[in-house]
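The structure appears right after this line, and notes come after that.
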Amino acid sequence: MIGFLYQYADTMAVLALTAVGLIVIFGMMGVINMAHGELMMTGAYATSFAYYAGIPTLIAILIGGIAAAVVGIVIERVVIRRFYGQLLASLVATWGLSLVMSQGALLIFGPQVPSVPTPFGSFTVGEQSYSYYRIVMFVVAAAMIGGLWSLFNYTHFGVRARATMENPEMARALGTNVRSIYTLTFGIGSLMAGIAGGMFALTATIGPFLGQYYTPQAFITVVVGGAADIFVGLVASVLSLGAVRTIFTSQFNILIGHVAMLVVALAIIRFMPSGISDWIERRRQRVRNR
Amino acid sequence: MTTAARNAGARRVIGLLDGPNEPARGLVFWLLFGVALIVAAAAPAFMSRFEILNTSNFLINGFVALGLGLIWGFAGILSLGQAAFVGIAGYAYGIIGINLIEIHGNTDLAIVGGLLVPTAVAAMLGFIMFYARLRGVYVAILMLVVTLLFETFLNQTAGPGWFIGDAHLGGNNGLGRFSGVIRKPPSLTFGYGEEPHVFEGKSTEFYYLVLGLLVIVYLGLRALVNSRLGLVLIAVREDAPRTESLGYDIRLIQLAIFCLGAFLSAISGVLYVSWGNFITPAAFSVYNNILPVIWVAVAGRTSLTATVVGALVLVWLSQRLAVEGDFALVVLGSVLVVSMMVAPRGLLLAAGEAAARLLARSRPAARG
C-alpha cells in the first residue's frame with residue numbers, strides 16, 4: 001500500500017511538473033508550443049552545468065528555470081509572436097524549433113551531460129527503500145501549482161494577465177500593455193518548465209532528446225484538464241491520469257501504463273471535449289441555477 | 001462513339017488533370033512536366049548503380065509527401081504522425097512476406113497486407129478522432145503520440161518471444177538486415193511458378209517501377225482534387241460548419257481522406273521495405289514524422305506539384321548536408337521555422353506564383 005501510494009505520488013509529481021508550465025502557455029494563453037520539452041531540456045542542462053560549476057543543488061535548479069525563461073522569452077519575441085491565433089501554423093513552427101534545439105544541443109554538448117546526484121538520501125519501509133527526493137518533487141509540484149494560482153488570482157500582474165487572455169482589446173483599451181503581458185506570461189510558463197527540467201535532472205540521465213519524451217505527456221495532461229479553470233483542471237487531470245498510469249504500470253509494464261493513460265485521456269476528451277475543468281464548471285453552474 | 005462525344009470525354013479528362021485546384025497548371029507547366037519526365041526516364045543511363053538505388057529511395061518519399069499534402073493542404077487535417085503508416089506498412093509487408101514468400105513464391109499478399117493494414121489502422125484512429133470531432137490541434141498531436149507508442153512497443157520486441165510465424169520483430173534492430181535472423185523482408189516479387197519476377201531494390205527496373213507509380217499517383221491525385229470531391233475537401237478546409245450545413249457529412253469526408261493519406265504513406269512503406277529489405281522502429285521516430293511535415297510545409301502544401309518537388313529537393317539536400325556533418329536536421333528545422341515565418345503557404349509555391357506572374361506579364365509584350 002505504501003509502495004503504491006509512493007508510486008502514485010511520484011507519477012503525479014512527474015505529470016504535474018511536466019504540465020505546470022504548459023497550463024499557462026497552452027491552457028491559459030492558448031498558444032501551442034511544441035518546444036515545451038526543449039525548454040525543460042534547457043532547464044536540465046543549465047542545472048547540470050551550474051551544479052558542476054560548484055553551485056548548490058537548489059540554486060542550480062533555479063538557474064535552470066531562469067535559463068529556460070530567458071530562452072522562452074526570446075522564442076516568444078522572435079517566433080511565436082507571429083503565430084498568435086493560427087494554431088496549426090504555430091504547431092508546425094514550434095515543432096521545427098524543437099528539432100533545432102534538440103539537434104543543436106546534440107551538436108554542441110554531445111549525446112549526454114552528467115546528471116546531478118539525487119540529494120536527501122532514502123528511507124526504508126519493510127523491505128522496500130524509498131527516496132526522499134521523490135516526495136520533495138511531489139511537494140515542489142504542489143507548491144508550484146499553488147504559487148501560480150496565487151500569482152494569477154491575488155497579484156496586480158495576475159489580474160492584468162487574466163484580463164488580457166479574456167479580452168485583449170478591452171485590456172489594451174484600459175491601459176494594459178498586452179504585448180509585454182504575453183511575453184511575461186510566456187516567460188513564467190517557461191520558468192516553470194525549466195524548474196521542472198532541473199528537478200528531473202536530479203533523477204535521470206540528461207540528453208538532448210529529453211524533451212521529446214515529455215512534450216506529448218504535457219499536452220495530454222493539459223488537454224484532459226481543460227482551460228475553464230487551469231488549476232482545477234491540472235489537479236483533476238493529474239489525479240486521474242496518474243492513477244491510471246500507476247495501476248497499469250505496476251500491473252503490467254511502463255509501455256502498457258502509457259497506452260492506458262492515452263486511452264483514458266481519449267475517453268475523457270471524447271465525453272468532455274473541453275476537458276474536466278469545463279465539465280466541473282458546467283455542473284457547478286447547473287447546481288447554482290437550480 | 002461519335003467524334004463529339006470523344007471530344008467531350010477528352011475535355012473532361014483535361015479538365016480534371018489541369019483543373020484550377022492545383023496551382024501548377026497551364027501549357028508552360030505541362031511542357032516542364034514533360035521535360036522532367038524525359039529527364040527522369042533517361043537518367044538511369046547516366047547514373048551509377050549507387051545513384052540509381054539512391055534516387056529510387058528519394059522517389060519513394062514522394063508518396064508519403066503527397067499523402068500529407070493531400071490531407072493537410074487540401075482537407076485541412078494536419079497529422080504529425082504520418083510515419084506511423086509508413087512504418088506499419090513496412091512491418092506488415094515484411095512480416096507477411098517473410099512468412100509467405102517461399103510458400104507462394106510471390107509477394108502479392110504481402111503487398112495487399114502492407115497497403116491495407118495501415119489503412120485499416122487509419123480508419124480506426126480516424127473514426128475515433130473525426131467522429132468525436134476532436135479539434136485539429138488535438139488530431140495532430142494525438143497522431144504523434146500514437147506513432148511514438150508504436151516505436152516504444154517495437155523497441156522492446158528484441159526477446160526470443162517476439163516471433164510472428166518466421167518473422168522475428170527484433171527490437172530496435174528491426175526486421176531483417178540487422179537482426180541475427182537470416183530471414184529478411186523479400187523484394188517485390190510478382191508472378192507464379194518457376195520464374196517469378198523479382199524487382200530488386202538496387203535495380204534500374206525498380207527505379208522505373210517507383211517512377212511510374214509516382215507519376216500515376218500524382219496524376220490521379222490531380223484528378224481527385226479537381227473533381228467534385230476535391231471541391232468538397234477544400235470547402236471542409238475553408239469552413240467546416242458551413243460545409244456541414246450544406247448537407248455534407250464532414251466526419252465521413254475527413255475520415256475518407258485521412259485513410260487515403262494513410263494509404264499513400266503505406267505505398268512509401270511497402271516500397272521502402274522492399275527496396276532495402278529491412279525496417280527498424282526508427283521508421284516511427286520523431287524525425288521520420290517531422291520530415292514529411294518539413295517537406296510539405298516548406299514546399300507549399302496546397303500544391304501537389306510543390307509537395308513532390310519539395311520532398312525530392314529536401315531529401316536530396318539533407319543527404320548532401322549529412323555528408324558534410326551532423327547538422328542536417330538543425331538546418332532542416334531552421335528552414336522550416338524560417339519558411340513558416342516568411343512564406344507561411346510555402347517557399348516553392350510562392351516562388352512558382354511569382355514566376356507565373358512574371359510570365360503572364362511578359363506574354364502580351366512578347367506578342368505586341
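Just a yes or no: is a residue in the range B:338-349 at pLDDT below 90 and closer than 30 Å to B:ALA158 by Cβ? There is no residue in the range B:338-349 that is at pLDDT below 90 and closer than 30 Å to B:ALA158 by Cβ.
Per this entry, A:PHE252 is not counted among residues that are at pLDDT below 85 and under 14 Å from the mean Cα position of the chain (by Cα). Mind checking which residues of the range A:221-240 are touching a residue at least 60 places away in the same chain (Cβ under 8 Å), more than 16 Å from A:GLY189 (Cβ to Cβ) and within 13 Å of another protein chain (Cβ to nearest Cβ)? Within the range A:221-240, A:GLY226 is the sole residue that qualifies. Set side by side, the residues B:LEU68, B:LEU32, B:LEU37, B:LEU59 differ, and just one is part of a helix (DSSP H, G or I), modelled with pLDDT of 90 or more, touching a helix residue (DSSP H, G or I) at 6+ places or on another chain (Cβ under 8 Å) and surrounded by fewer than 19 Cβ atoms within 10 Å (Cβ to Cβ), which is B:LEU37.
When each of A:ILE59, A:ILE25, A:ILE55 is tested for being surrounded by fewer than 23 Cβ atoms within 10 Å (Cβ to Cβ) and in a helix (DSSP H, G or I), the lone residue that passes is A:ILE59. Within the range A:113-123, the set of residues being at pLDDT 75 or above and in a strand (DSSP E or B) comprises A:VAL113, A:PHE123. Between A:GLY126, A:GLY194, the distinction of being away from chain B (no Cβ under 14 Å) and crowded, with 21+ Cβ neighbours inside 10 Å belongs to A:GLY194 only.
Which one is farthest from the other protein chains (Cβ to nearest Cβ), of the residues in the range A:29-44 that are aliphatic (A, V, I, L, M) and within 21 Å of A:TYR84 (Cβ to Cβ)? This residue is A:LEU39.
Do we find a residue being modelled with pLDDT under 85, away from chain A (no Cβ under 14 Å), surrounded by fewer than 19 Cβ atoms within 10 Å (Cβ to Cβ) and not in a loop (DSSP other than H, G, I, E, B) anywhere in the range B:153-162? No: zero hits.
All of A:VAL140, A:VAL71, A:VAL159 fail the test of being away from every other protein chain (no Cβ under 14 Å), without any contact (Cβ under 8 Å) to a residue 60 or more places away in the chain and closer than 19 Å to A:ILE23 by Cα, apart from A:VAL159.
Candidates are the residues of the range A:251-273 that are assigned to a loop (DSSP other than H, G, I, E, B) and without any contact (Cβ under 8 Å) to a residue 24 or more places away in the chain; the one that is farthest from the other protein chains (Cβ to nearest Cβ) is A:PHE252.
Quick check on the range A:78-90. Is at least one of its residues farther than 30 Å from B:GLY81 by Cβ, surrounded by fewer than 23 Cβ atoms within 10 Å (Cβ to Cβ) and either among the hydrophobic types (A, V, I, L, M, F, W, C) or within 9 Å of chain B (Cβ to nearest Cβ) (or both)? No: zero hits. In the range B:299-307 there is no residue matching the filter, namely being surrounded by fewer than 17 Cβ atoms within 10 Å (Cβ to Cβ) and either farther than 16 Å from A:VAL92 by Cβ or touching a helix residue (DSSP H, G or I) at 6+ places or on another chain (Cβ under 9 Å) (or both). Of the listed requirements (1) polar (S, T, N, Q); (2) surrounded by 17 or more Cβ atoms within 10 Å (Cβ to Cβ); (3) over 22 Å from A:LEU87 (Cβ atoms), A:GLN217 misses just one: (3).
Put simply, of B:ARG222, B:ARG228 the only residue that is at pLDDT 85 or above, among the basic types (Lys, Arg), surrounded by fewer than 17 Cβ atoms within 10 Å (Cβ to Cβ) and within 23 Å of the chain's Cα centre (by Cα) is B:ARG228.
Is it fair to say A:ALA13 is within 14 Å of the chain's Cα centre (by Cα) and in a helix (DSSP H, G or I)? Criteria met by A:ALA13.
Of the listed requirements (1) without any contact (Cβ under 8 Å) to a residue 12 or more places away in the chain; (2) within 14 Å of chain B (Cβ to nearest Cβ), A:ILE59 misses just one: (2). Does the range B:1-24 contain any residue that is part of a helix (DSSP H, G or I), of a type in the set (Val, Ile, Thr) and modelled with pLDDT of 90 or more? Within the range B:1-24, not a single residue is part of a helix (DSSP H, G or I), of a type in the set (Val, Ile, Thr) and modelled with pLDDT of 90 or more.
With respect to being within 14 Å of chain B (Cβ to nearest Cβ), assigned to a helix (DSSP H, G or I) and farther than 11 Å from A:MET34 by Cβ, A:ALA105 fits the description. Against the test of being over 18 Å from the mean Cα position of the chain (by Cα) and surrounded by 18 or more Cβ atoms within 10 Å (Cβ to Cβ), the options A:ALA35, A:ALA50 yield a single qualifying residue, A:ALA50. Among residues that are assigned to a helix (DSSP H, G or I), modelled with pLDDT of 85 or more and more than 11 Å from chain B (Cβ to nearest Cβ), A:ARG288 is not included.
The single condition from (1) at pLDDT 85 or above; (2) under 25 Å from A:THR164 (Cβ atoms); (3) away from every other protein chain (no Cβ under 12 Å) that A:ALA218 fails is (3). Which residues, counting only those in the range A:124-136, are modelled with pLDDT under 80 and not in a loop (DSSP other than H, G, I, E, B)? A:THR124, A:VAL125, A:GLN128, A:SER129, A:TYR130, A:SER131 - these are the residues of the range A:124-136 that are modelled with pLDDT under 80 and not in a loop (DSSP other than H, G, I, E, B). You will find that of A:VAL31, A:VAL71, the residue that is outside any helix (DSSP H, G or I) and touching a Ser or Thr at 6+ places or on another chain (Cβ under 9 Å) is A:VAL31 and no other. The criterion of at least 1 residues that are touching a residue at least 60 places away in the same chain (Cβ under 8 Å) and within 11 Å of chain A (Cβ to nearest Cβ) is met, among helices (runs of 4 or more DSSP H) falling completely within the range B:283-368, by B:286-299. Among the residues of the range A:263-290, those identified as in contact with a helix residue (DSSP H, G or I) (Cβ under 6 Å, 6 or more places away or on another chain) and buried (at least 18 other Cβ atoms within 10 Å of the Cβ) are A:VAL264, A:ALA265, A:ILE268, A:GLY275, A:ILE276, A:SER277. In the range B:100-133, the qualifying residues are those that are within 14 Å of chain A (Cβ to nearest Cβ) and of a type outside the set (A, V, I, L, M, F, W, C), and the one that is farthest from A:MET272 (Cα to Cα) is B:GLY126.
Does A:LEU97 satisfy the criteria of being in a helix (DSSP H, G or I), facing another protein chain (nearest Cβ under 10 Å) and crowded, with 17+ Cβ neighbours inside 10 Å? Judged against the criteria, A:LEU97 is a match.
The values are calculated or read from the model by the stated rules, or taken from the named source; none is laboratory data. It should be emphasised that the depicted structure is a prediction, and the values quoted were computed from it without experimental measurement. Here the Cβ is made from the backbone with ideal geometry for all residues, glycine too, and neighbour counts use every protein chain on show.
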